[in-house]
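The values are calculated or read from the model by the stated rules, or taken from the named source; none is laboratory data. Note that the structure is predicted; figures quoted are calculated from it, not measured. Every residue, glycine as well, gets a Cβ built from its backbone with ideal geometry; the counts of neighbours run over all protein chains shown. Calculation scope for accessible area: heavy atoms of the full protein, side chains included, ligands and nucleic acids excluded. Shrake-Rupley method; radii C 1.70, N 1.55, O 1.52, S 1.80 Å.
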Amino acid sequence: MSEWSSHLRLAVALALVASPFWLLPDVGATTYEYQAEEVEYSEYVTGTLYADDQIEGLACDNFDDFGEQCVLAARVAQNGPVVVNQSAIFSRAYRFDTEYVIVEDSGTGKPFYRWRINRTERPDDRYRVTYALETVTPPEILRNISVAPGDLSEKARRALDGETVRTRGERLDAAQRVVRANGTYYYLSEEENPRGGPKEWQVLAGQVVAVAVGLGLLRGRWLRER
């Protein structure tokens, strides 16, 4: 066997033995799949707004969401503003990370709202916080929560162009965001662990076989050189 061939076999053997570090080293990490889908909506406050999953920037678009914001929004939509008296030290504060909210059971047929929160200071070092809702239309919500294609990463723009984008162990920043492009609104849907990728046990089995073959090559080389 030539010296060049011997060195090549050694390099292959070492690469196989080290395969757990380079052959899908993130095995077990979550796989994400992204697709851009056009958002369905109508023009009126009594209309509709639909995407495959929860839209970032719009809360309570889920019948099973009984979080604090959703419960309070339903109460305000049905009964009017809620006033909370707070002290500067001890307070019962509601903190929401979205401006817009959906109330399916508002009783008015108007499900889309914007929070109106008014905080006034009183002479006794207390605060009166009023939580109210204002009806809005789906186009207004989409216009205010959407981002432009230029704000997306290169991978997210590929999804917007119609490509199915997959990442492993990495979520796109634009996941579940609404994107405004050419007068149309698109929703960047995210699916965890879609079908089609290798299963964890298959990757592990492949790594074990690669290591075994690499060790066999190293052992054969050692025996020849004895």
Given the C-alpha centroids of the stretch 41-59 and the stretch 107-151, what is the distance between them in whole angstrom? 15
On the protein heavy atoms, probe 1.4 angstrom, tell me the percent of accessible surface of the stretch 123-170 carried by carbon and sulfur. 41
For I117 and T30, FRET efficiency with R0 = 35 Å and r from the beta-carbon atoms, rounded to 0.05? 0.45
log₁₀ of I(q)/I(0) at q = 0.15, 0.19 Å⁻¹ - the stretch 104-151, Debye sum with one point per alpha carbon: -0.62, -0.76
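R0 = 30 Å: FRET efficiency of V71 with T184, Cβ-based, nearest 0.05?
Numbers: r = 34 Å, r/R0 = 1.14.
After rounding, the FRET efficiency stands at 0.30.
Taking 0.36 nm per residue of sequence separation and subtracting the Cα-Cα distance, how much length would be gained by fully extending the chain between R128 and Q86, in nm to one decimal?
Details: separation 42, 0.36 × 42 = 15.12 nm, distance 0.62 nm.
Full extension from R128 to Q86 adds 14.5 nm.
E170 to N193: extension gain in nm, 0.36 nm per residue of separation minus the Cα-Cα distance? Each step should come with its number before you reach the end.
Numbers: separation 23, 0.36 × 23 = 8.28 nm, distance 1.20 nm.
My answer for the length gained is 7.1 nm.
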I'd like the accessible area for I117: 1.4 Å probe, protein heavy atoms, all chains in place, Å² to the nearest 10. 90
Over all alpha-carbon pairs in the stretch 112-197, figure out the percentage whose distance exceeds 22 Å. 49
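How charged is the neighbourhood of R157? Take every other residue with its Cβ under 11 Å from the Cβ of R157, and add Lys/Arg as +1 and Asp/Glu as -1. Before the final figure, lay out the partial values.
Details: positive: K155, R158; negative: D151, E154, D161, E163.
The answer is -2.
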